[in-house]
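Read through the structure below, which is laid out as structure tokens, and then see the notes.
The values are calculated or read from the model by the stated rules, or taken from the named source; none is laboratory data. The structure presented is a predicted model; accordingly, all values stated were derived computationally and were not measured. FYI the Cβ positions are ideal-geometry reconstructions off the backbone, even for glycines, and counts take in every protein chain you see. Heavy atoms of the whole protein, side chains included, go into the accessibility calculation; ligands, DNA and RNA do not. Shrake-Rupley method; radii C 1.70, N 1.55, O 1.52, S 1.80 Å.
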Amino acid sequence: MSPANANGGPSRQLSGDKPANGEVKQRKRPGRVPVSCAECRRLKLRCDRKVPCETCVKRGCSAICPEGSLTTGKGNRLALADADELHKKVERLRNRVTTLEDALRKLQAAVSDDPHPLLQEGAADPKDDTMRQAAACGPSLSPEDEEFLDAFGTLTLGLRGESRFFGQTSRSEYLIHAPEYVPPCDPSTFVHLTPELVNVATGSLEMLCSDPEIKKQVLSRLPSLSRACRLCDLFVEYGDYLWCSLPRNQLFDEILGVIYRGTPASECNDLLSTHAVSLLFMVFALASLFDQSLPPYSTEAQEYYLLARAALRFAPPIQDTTLWSIQALVYMALFMEYCDCRPDHSTSHKAWIHTGFAVKLGHGIGLHVNSARWKLDEEATQRRSNVFWQLFLTDTWISFGFGRPPSISLSYVDCTMPKDTEEYINSEGHKEWSFHSWTWQYSKVLHTVMSTAFGCKIPPYSTVIDLDRKVRDFPIPWRMRVKCGLPEEINVSPALRIQRWLVMSCKESTLLNLHRPYFAQALNEQPQDLLRHRYGPSVMAIYRSGWRLIEGLKETWKKVPDVLSRMSLPWSQSLSGAIVMCLLVTRAPTSTLAQASLQELDRVSSSTSS
């Protein structure tokens, strides 16, 4: 026992005594322990005793709370007590920024020769909104890229001073015979029509024709009732996939019944009856065009088309516009598109003009506006909505085929979609779109793609990829999907097969044209290794779209050749796909896609020869 506690008293270590470990323990003075932060104590402010406290947060010095404090220096400036720590933090951030800039510089060098906008002088200024927007758009296009990508579009100049423009998405066959001139059709070709009637029919639809003899000739060319009913049945049948047919009750009761069983044909003098005659002749023309008992591009179909034009001139729609007159103009545009067999494709050009004329008339009667605003009855609202979306669909696709701006802007449209009268329930119990409802909905997507990707300003490549994703993600009803990898279905109607092909071709043709300029740029810059080019995704996308268009036509042709043989669109799309394959073989023979493209071309050639 030590002497210090020999008597059992407590041992006490005096100030300055060394404990066993040799350290000097300073004696603390008694008093209260401070609970406020150092800065609040220095300024004699109320502290809420949090870390950091509210006072330090408001003053912008939360980093030094609770132990640090601000001290005054020369010039009454304030300096942080822990400035060394802040200097170290700034140095760490500076090193990190340098590392990120080096990484960004290497990434930019792999895709472009131009420096990235964030690496330019002044790019770090937070007030520079332009730089922030440029950085958000992804890799920028160089001036050479913009010049090359903007070169897609053709202006033809003829020897007689005529000219015509074909845009980026123009169909390939339009460019092959673009400058060629073909004389107009001889009126003597139509043996059942007088030359005077042909001259009236080929005149401007804006001019009034009041010749009673011509009107008698037009009405006398109405077919027999049995033939008329047969043509109407064909029109409704093919309307399941080639056009949007008139409702059966409306066609037979309100149009066919009025003209054949109601008022005598020679007394059809009122506006609605005259436009109904024109519309009925267009029903006959479209039905005759696809009537398998008649030869392709039959003279009978051409004569019905001319009779429809002549009937419309007795009451020009530019003076008095009705829904039936606009419907007749839409069917005229479709007829000219389907029967265009002239080398110069002037008939399709007229279809584009007719569609624009119909759009102006539709705007004139407010078809683009929701009819519920005027409190029209349900039937009238549905009819107006149906005609408008037919018009929108025709205008969008014909404009897309020529690479020209559509006549309808969605910014001014609030017309609702018509109610879907064809209800389809999938295996999960959910209602699906009908074919026509799907085409109307998808035409809105196509319109967005046209206005974004094919406008006067080239979009960033990231925008093109976003549009690609939007097209691919657009839903397709299960019954209209091409069943890949599944056993072949047995009882599939020809109408459903055509619908499946049309749905597939709509999306693939959009993707092919969307990626075509970037595919051409990759061919021009890096043909030896296309997939490693900065536009490699476009190369793969356009190859897949071209392959699907070709294979889709081959499979559909095996089942329904009669209908496809009278349409030009499938062959136009397959031609575009074959051109993609040819470019891969001839311009990039060492690429990984060249061999597969050559095999596909061999199959196309063998299928065509057989």
Taking segment 412-459 and the residues there that are touching a Leu at 6+ places or on another chain (Cβ under 7 Å) and not in a helix (DSSP H, G or I), the one that is most open to solvent (accessible area, probe 1.4 Å) would be Ile458
If you check every pair at least six apart or on different chains, which have Cβ atoms under 6 Å apart with a residue in segment 505-527 that is over 13 Å from Ser170 (Cα atoms) first and a residue that is basic (Lys, Arg) second?
Glu508/Arg548; Leu523/Arg587; Pro527/Arg587
For Leu272, are the conditions met, namely being part of a helix (DSSP H, G or I), open to solvent by 10 Å² or more (accessible area, probe 1.4 Å) and touching a residue at least 12 places away in the same chain (Cβ under 8 Å)?
yes
Could you give every pair whose Cβ atoms fall below 7 Å, whose first residue belongs to segment 398-415 and is in contact (Cβ under 8 Å) with a residue 24 or more places away in the chain, and whose second residue is open to solvent by 50 Å² or more (accessible area, probe 1.4 Å) and in a loop (DSSP other than H, G, I, E, B), counting only separations of at least 6 or pairs across chains?
Ser399/Pro405
Within segment 35-57, residues being under 59 Å from the mean Cα position of the chain (by Cα) and open to solvent by 20 Å² or more (accessible area, probe 1.4 Å) number 7
Residue by residue through segment 527-572, note down the ones that are open to solvent by less than 20 Å² (accessible area, probe 1.4 Å) and among the polar types (S, T, N, Q).
Ser538, Ser545, Thr556, Ser572
Looking at segment 468-489, can you tell me whether even one residue there is open to solvent by 30 Å² or more (accessible area, probe 1.4 Å), more than 24 Å from Lys554 (Cα to Cα), basic (Lys, Arg) and outside any helix (DSSP H, G or I)?
no
I'd like to verify a number: residues in segment 391-411 that are within 13 Å of His368 (Cβ to Cβ), in a helix (DSSP H, G or I) and at pLDDT 95 or above, how many?
3
Checked pairs for segment 340-352, first at positive phi, second buried (at least 20 other Cβ atoms within 10 Å of the Cβ) and not in a loop (DSSP other than H, G, I, E, B), C-beta under 7 Å and 6 or more apart or across chains, list as His345/Tyr174
Hey, can you tell me all the residues within segment 280-295 that are in a loop (DSSP other than H, G, I, E, B) and either of a type in the set (Gly, Ala, Ser) or within 33 Å of the chain's Cα centre (by Cα) (or both)?
Phe290, Ser293
Would you confirm whether any residue within segment 435-451 is at pLDDT below 90, over 22 Å from Gly577 (Cα atoms), out of contact with any Phe, Trp or Tyr (no Cβ under 9 Å at 6 or more places or on another chain) and not acidic (Asp, Glu)?
no
